[in-house]
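Nothing in this text is a laboratory measurement; each read-out follows from the coordinates by a stated rule. Just so we're clear, the structure is a prediction, and the values are computed from it rather than from any experiment.
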Amino acid sequence: MTKLFGTDGIRGRAGIAPLDSTTVTRVGAALVRVLQTGGKPSGLRVLIGRDTRESGEQIEHDLARGVASEGATVVSVGVIPTPAIAYLTRTEGFDAGIVISASHNPYEDNGIKIFSGRGEKLDEGFEQRVERMVAGDEPGMAGNRRNDAGPGEASGSSLRSQPELAEHYVQHLKKILPDGGRLKGSRLIVDCANGATTPIAPALFRDLGFDVVVIGDQPDGRNINLHCGSTHLATLRERVLTTSARLGVAFDGDGDRALFVDRHGNIVDGDAILLIAGEQLQREQRLPGHAVVATVMSNIGLELALKERNIQMLRAPVGDKYVMEQMQKHGLALGGEQSGHIIFAEHLFTGDGIGTALQLLRIMAATGRELDELAAALVTYPQVLVNVRVRDRSDYMKVPAIADAIHSVEERVSGQGRVLIRYSGTEPLLRIMLEGKDDGEIRQWANEIADTVRTHLG
C-alpha cells in the first residue's frame, strides 16, 4: 500500500503522483466511501476550498469528480484560508472539508488536507483507510458500486460554488476582536503571502478600524510565498520600520499560521505568542489545567518562562495535529508551534493566522502594552544543532558509549537547558540539538556527543 498522507495531509508536486488527476480523483471517491462505511448516511456533503496556486482549480475539479462519483454533493468556497474550511465544515453541516494547499511551499507544489465533520484534522486511522481504498485494498474498490467504473472514474461533477459562505467565517473571527477599541487608527502591515488570506484579511482589519498597508496581495498563481509571507519576513520588517507601523503580521500561503514583527523590527515567533497568550488566558481564568502544549522544537526559554508563571508546558511531536491531539487529551485551551501555528481551542481546533493576529491585538488592547513589551518576557536560550551522518538508524541508546555521553550532557544541562536527539525523516542523519544558557558550553557538549556517534555509528 502506497502511503499518501504525511504529517499535514497529502503533499507533492502538482500533476505528479500522488497529485496526478487519477490519484486525486480516487482520493475524493475513497473519502466518501470511508465516510459511508463509518456509518455516515447517503447524501453526504463535502466542502472544498483552496489557496491561489495555479494547480488548485484542476485538483479541485478532480477531487469533486471523485466525490460526486460516489453520490455526494460538493460545494466550493473558492480561495479561502484553511481554518475557514475547518470552521465552515462544522458549522454548515458538512460531512467533510477539503483544503487544496501546500501551505508555505513554492507554487509548483500542492496538497490535500481533509477535515472531519467536526472541523478537526483526520486521525491516522482514517487516513490509512483512505489510503487502502485508493490502493484498492478494501472490498468494493475494484469497481464502482453505481457504474462498474473504477472509483472516482465517473464523468461529470456536481460542484457548486458558494463563496458567500466565507462571510460566516469572517463574522466568527470578529468575535475575537469585535472592534479595534483603543488600537483604532493604528497602522498595521499585513503580508498575505499572495495566498489564501488575500480576499479576507485586509478588508477585515480595515473594518475593525486599523490603518492597513497590505503587501503580498497580488496572487498570480505562481507567486504564492515568493519572497513574502511568514517564511520571508525581510520585506515586512522593512515596511514596519519605514512606515512607523505599530506591528506587522505575515501569514503563510494557506493562512493557518502567522508570524509578527514588532514596531522596532524584531520578529515575534510562535514561542513568544504562546507565552503572551498563555499568560493572558491565565489572567482571565481561561486556561484550564494551567497548561499549554508546544512541540519538541520550542525553546527551553519558553518552558522556563511559563514555569515562572505557574503554567506547565507539555511537548508534542512536530505537527499541529499532534498539538491538537494533546490539547484534546488533556482538555487544554492553548497550543502551538514555533513556526506560528497557534491553536486557540475556544476559536477553532486548528491553527488560524488571522485569528492569532486578532488575539494578539486583543491582548494589546486589554493590557495597554505594545507587542515588543509583551514579547520581552521570553528569553530565548542559545540553540546548537549538529548533524551526524550515520550508516543506519540503529538504536543509538543501545551503544553504551553513546548513551553515556548523552546522559553526561543531560546532567550538565539539567534544569537550565535540554538535549533533543532524533533521526532525520528523510536523510541518514542523526540530529543532535542542545539548548542552554551558554552558547560555547552547549556547542562543546553537542560536539562531544557527535564525536562519540561518529566513532560508533558513522
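Looking at segment 175-375, what % of the alpha carbon pairs are farther apart than 27 Å? Roughly 24 percent, rounded to a whole number. Note on the chain: Cα Rg divided by 2.2 N^0.38 Å, N the number of residues, gives 1.03.
Only DSSP H runs of four or more residues enter the estimate; each adds -39500 (n - 2.57), and after division by the residues of the chain the mean residue ellipticity at 222 nm equals -11000 deg cm²/dmol. The equivalent ellipsoid that matches the C-alpha gyration tensor of segment 329-405 spans semi-axes of 39, 18, 12 angstrom, in descending order. Once segment 383-457 is represented by equal point scatterers at the alpha-carbon sites, with solvent omitted, what log10 I(q)/I(0) does the Debye formula produce at q = 0.17, 0.19, 0.28 Å⁻¹? Reported log10 I(q)/I(0), two decimals: -0.57, -0.71, -1.39. Note on segment 177-239: Cα-only Rg and Dmax are 12.3, 39 Å.
Projecting the alpha carbon convex hull of segment 266-375 along each direction and taking the average yields 6.0 nm². Taking amide hydrogens as placed 1.01 Å from N in the peptide plane, the amide H of residue 212 sits under 5 Å from those of 188, each at least 5 positions away in sequence or on another chain.
Anything over 22 Å Cα to Cα? Flag those among 307/437; 3/113; 121/329; 121/174; 121/307, in the order listed. Write down the numbers at each step before the final one.
Details: 307/437 17 Å; 3/113 15 Å; 121/329 15 Å; 121/174 24 Å; 121/307 30 Å.
Check vs 22 Å cut-off fails for 121/174; 121/307.
In terms of the ratio Rg/(2.2 N^0.38 Å) built on C-alpha atoms, what value belongs to segment 165-282? The reported ratio for this selection is 1.03.
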